[in-house]
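Q: Structure incoming, see below.
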Amino acid sequence: MTEAAWAEIHDDGFIGMIGPLLRRHTESGGREYGLRCGLQHRNLRGAVQGGLIMAFADRTLGSTALHESGTQNMATVQLNVNFLSPVLVGDLLTSSPRIVRRTASIVFADSDLRVDNAVVATATGVFKILANSSSSRGSGAVEGGYR
């Protein structure tokens, strides 16, 4: 697939400030997410800030957990990220999350985060399925409902 195959995900919350976040469907039926890293994402050493990588991992794992579980609302309970190699300004950071296990109330997911097919970080997440509610503390519109 070419980079042109990516579609931007609308998000006027935090992710919208660091994005745009990109998404495309894989040939195997899964979802792949991307984020083009820019100058605004760098740390004091000039590499991409680890917090950005963690936010990207949280959103991609959580969005996949939400989509695969068919629920409307969930929250991150735990997120683990292992940094293996630096991500540089200009890199396209990608994530292809998978669901490891799902119970009635919890979803477990993981992903390798890559740049040019090289694994730069690994991430695992645990997400709590919440009861659907019309009220929310957040007011930002998010495609897919994941907050």
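The values are calculated or read from the model by the stated rules, or taken from the named source; none is laboratory data. What you are looking at is a predicted structure, and each value in this text was computed from that prediction instead of being measured. Methodologically, a virtual Cβ is constructed for each residue, glycine included, from the backbone with ideal geometry; neighbour enumeration extends over all protein chains shown.
Q: Give all pairs with beta carbons closer than 6 Å in which a residue from region 8-32 that is farther than 20 Å from residue 53 by Cβ meets a residue that is at pLDDT 85 or above and acidic (Asp, Glu); count only pairs at least 6 apart in sequence or on separate chains.
A: From residues that are farther than 20 Å from residue 53 by Cβ, the pairs are 26/32.
Q: Look at region 24-40 and say how many of its residues are buried (at least 19 other Cβ atoms within 10 Å of the Cβ) and either assigned to a loop (DSSP other than H, G, I, E, B) or among the charged types (D, E, K, R) (or both).
A: Final tally of qualifying residues: 2.
Q: Taking the residues in region 1-59 that are under 19 Å from residue 117 (Cα atoms) and among the β-branched types (Val, Ile, Thr) as candidates, determine which candidate is nearest to the chain's Cα centre (by Cα).
A: Per the criteria, the residue is 53.
Q: Scan region 55-103 for residues that are over 10 Å from residue 127 (Cα atoms), among the hydrophobic types (A, V, I, L, M, F, W, C) and in contact (Cβ under 8 Å) with a residue 40 or more places away in the chain and jot them down.
A: Result: 55, 56, 57, 81, 87, 88, 89, 92, 93.
Q: I would also like to ask the following. Go through region 70-80 and report how many residues are touching a Ser or Thr at 6+ places or on another chain (Cβ under 7 Å) and surrounded by 13 or more Cβ atoms within 10 Å (Cβ to Cβ). If you could, list the steps in order and put the result at the bottom.
A: Initial filter on region 70-80 (touching a Ser or Thr at 6+ places or on another chain (Cβ under 7 Å)): 73, 80.
If we keep only those that are surrounded by 13 or more Cβ atoms within 10 Å (Cβ to Cβ) as well, we get 73.
So the count comes out to 1.
Q: Considering each residue of region 96-109, count those that are surrounded by fewer than 16 Cβ atoms within 10 Å (Cβ to Cβ) and either within 13 Å of the chain's Cα centre (by Cα) or hydroxyl-bearing (Ser, Thr, Tyr) (or both), and give that number.
A: So the answer is 3.
Q: Going by the structure shown, is residue 60 hydroxyl-bearing (Ser, Thr, Tyr), outside any loop (DSSP other than H, G, I, E, B) and surrounded by 16 or more Cβ atoms within 10 Å (Cβ to Cβ)?
A: It is true that residue 60 is hydroxyl-bearing (Ser, Thr, Tyr), outside any loop (DSSP other than H, G, I, E, B) and surrounded by 16 or more Cβ atoms within 10 Å (Cβ to Cβ).
Q: Can you list the strands (runs of 3 or more DSSP E) lying wholly within region 65-147 that have 3 or more residues being modelled with pLDDT of 90 or more and among the charged types (D, E, K, R)?
A: Answer list for region 65-147: 98-102, 106-115.
Q: Give the residue that is surrounded by the most Cβ atoms within 10 Å (Cβ to Cβ), with candidates limited to residues of region 41-54 that are under 18 Å from residue 123 (Cα atoms) and without any contact (Cβ under 8 Å) to a residue 24 or more places away in the chain.
A: 49
Q: Out of all the residues in region 41-55, which are in a helix (DSSP H, G or I) and in contact with a helix residue (DSSP H, G or I) (Cβ under 8 Å, 6 or more places away or on another chain)?
A: 41, 52, 55
Q: Please specify each residue of region 82-95 satisfying the condition of being buried (at least 20 other Cβ atoms within 10 Å of the Cβ) and under 14 Å from the mean Cα position of the chain (by Cα).
A: Selection gives 93, 94, 95.
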